Structures are given as C-alpha cells and as structure tokens.
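Just below is one structure, and these are the notes that go with it.
The values are calculated or read from the model by the stated rules, or taken from the named source; none is laboratory data. This is a predicted model, so every value here is computed, not measured. Reconstructed Cβ throughout: ideal geometry from the backbone, glycine too, with neighbour counts over all protein chains shown.
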Amino acid sequence: MKYRKQIKEAAQLSEPYCVTKGDKFRLKDHDPSETGDVKDQQHGQKIIDHRAGLIANLQEKLYAQDHWALLLVLQGMDAAGKDGVVKHVMSGVNPQGCDVHSFKTPSTEELSHDYLWRVHSCVPERGKIGIFNRSYYEEVLVVRVHPTLLQAQKLPDSLITKHIWEQRYEDINAFEQYLTHNGVVIRKFFLHISKKEQKKRFLERLDDSKKNWKFSMADVKERGYWKDYQEAYEEMIQNTATKRAPWYVVPADNKWYAQLIVASAIITTLEELDLSFPDVDKEKKKELENVRDSLLQEKN
C-alpha cells in the first residue's frame, strides 16, 4: 500500500511539468521559482530520500529484466543544476546499471561526421539508465545562438539554409522515434532557471574557493545571449515535445525542488514499464534445488 501511494504521489508531482505536445508551449507560462505544494526544502529533501530507494529498486528490476533502456536528457543554462541532479537523484542507483555522458565542444573527428554520430554510440544498452548531461540538443541551442559554428561542421553551403533548424528538429524527432521503436525510453528535462538565480550561483562560485573550478568566463559570455537562448529553448520544446519523448520543464531556481521533480518523473516512467524480476524455467529451478541440496549437505 505504501509503495502504491509513493508511485501515485510521484506521478502527481511530475505530471504538471510534462510537455507532450509543444505547439502551444510558451516558456513565459512557467515559473522557474515554483515549488508546487511542497512546503519547504526540508520537506522536499525528505521526499527525495524516500524516492531514492524507489529508483534503486526499479533500476534493479530494469537491469534484471534486460528488455528496456532508459535515456535521460538534461538540458539547461549554465549553473542550472544538471550536475546536482545526476549526483543527488542517482545517488542510490547501482553504478553498474547507470552511465553518464557529458557532451562538450565536438572534437575534430566528431565534426567530420553527422552531428548525431557521437551520441548514438552512447545510447544506453538494454537494462541500463543512460544520462546525457547536455546532448544532441546543443545542435539547436548553442549552434543556433551562434550560427557561425555551422562552418566548423563542414556542411555544403547548399545545405545551410533558413530551413536548417526545422530540418534538425525533424532529424531529432526521427532519431528519438527510432530509439523508442528499439526499446529505449526517452525522458527529457529542461532545468528552467531564472537569470537572477544564475547570477546568484555565479557569484557563489566566485566567493567559494571550493567552487572556483566550476567558473568559466565563457559562462558569463553566454549569459549575454540570455534572450536568444530562451527563444531557442522555447522553440526546441515546441518542435520536439512528443508523447514518446516528452520534455519536463522543471523549475530549477530551487535545486532541491528540481531534483525532486526529476526523481518523480524517473519513478513514474520506470513504473509504467511494468518491470519485474525474470521467472526461471522448470529446468533452472531444478538446477537451483540441486545446488541447494549440495550446499546443505556440505560439512563445515
């Protein structure tokens, strides 16, 4: 009974942030500082701690059943809390069943291939959870905000037209459809942070010697394109939010609340897969009984 209640609460908490049809999506309708009905951070952290056990249990079944894979895509502005989500939400998961990939500036080799080439080999295998900390969506975000980056991709001039972004949305939707047809369940999270909160976190990185290493002048430079990025994120969600691969627009001004929403969405998704530990056949059961008898007959 307690388990069913937790599953239901997870669905109720994450569902309002799920976008499966993007045509009417507007970023201005989403408050990055929202915390729903959760009272405060202490209350939220208590729920997160309980959810960690659920995720670990469901991940174990996912691994044992070995039919499905779960791909989690994390996107957001600098300091939105992507690393924190990976650290805190997945803390109780067996490392053998989870892989994390961070996609940074493409290498020379990667630029010599199509933009999906470097991510395809990182898609999680059956039984595993894969996390993309930034992803192929950078191709319609940073590359769109800085279109000169297209030059480095060695595309023929005839292919760089005003329709290139619509074409990339089509490519991405087709790629995600292909993955879902092959048992890869996709859930995408946009950690929605306000410009004010980002400034606060940047200052914390400057003031705390333990966080200095996280700071980069490039982050400040990108902050100057804030409006362009917000427009790119909005259009990205409008064009790539589907029922098979929805976006969760997660309020991220409060890190603990963002982590709670992501954890709840993961639980809901895994529960929908109807996971269970595989049953062994009669022959295997007989073999196990023989092993049991042999062990019981051993002399200490």
- Message: If GLU235 meets every condition in (1) surrounded by 18 or more Cβ atoms within 10 Å (Cβ to Cβ); (2) of a type outside the set (A, V, I, L, M, F, W, C); (3) modelled with pLDDT under 95 apart from one, which number is that one?
- Response: (3)
- Query: Any idea how many residues of region 22-52 are among the basic types (Lys, Arg), modelled with pLDDT under 95 and either within 27 Å of LEU273 (Cβ to Cβ) or outside any loop (DSSP other than H, G, I, E, B) (or both)?
  - Reply: 2
- Message: Take the conditions at pLDDT below 95, assigned to a loop (DSSP other than H, G, I, E, B) and loosely packed, with under 11 Cβ neighbours inside 10 Å and apply them to LYS221. Does it pass?
- Response: no
- Pairs returned, first residue in region 152-175 that is over 17 Å from GLN238 (Cβ atoms) and of a type in the set (Ser, Thr, Tyr), second residue that is outside any helix (DSSP H, G or I) and at pLDDT 95 or above, beta-carbon separation under 8 angstrom, 6 or more apart or interchain, are none
- Just wondering, is there one or more residues in region 83-105 that are basic (Lys, Arg), within 13 Å of the chain's Cα centre (by Cα) and over 24 Å from TYR178 (Cα atoms)? yes
- Task: Would you check which residues across region 267-286 are of a type in the set (A, V, I, L, M), farther than 17 Å from GLY97 by Cβ and in contact (Cβ under 8 Å) with a residue 12 or more places away in the chain and list them?
- Result: none
- Determine whether region 180-190 contains at least one residue that is in a helix (DSSP H, G or I) and under 27 Å from GLN65 (Cα atoms). yes
- Message: Looking at THR242 and the list (1) touching a residue at least 40 places away in the same chain (Cβ under 8 Å); (2) part of a helix (DSSP H, G or I); (3) farther than 23 Å from ALA56 by Cα; (4) among the hydroxyl-bearing types (Ser, Thr, Tyr), which single condition is not satisfied?
- Response: (2)
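Let's see how each residue does on (1) in contact with a helix residue (DSSP H, G or I) (Cβ under 8 Å, 6 or more places away or on another chain); (2) on the phi < 0 side of the Ramachandran plot; (3) without any contact (Cβ under 8 Å) to a residue 60 or more places away in the chain:
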| residue | (1), (2), (3) |
| --- | --- |
| GLN12 | no, yes, yes |
| LYS21 | no, yes, no |
| ASP31 | no, yes, no |
| ILE47 | yes, yes, no |
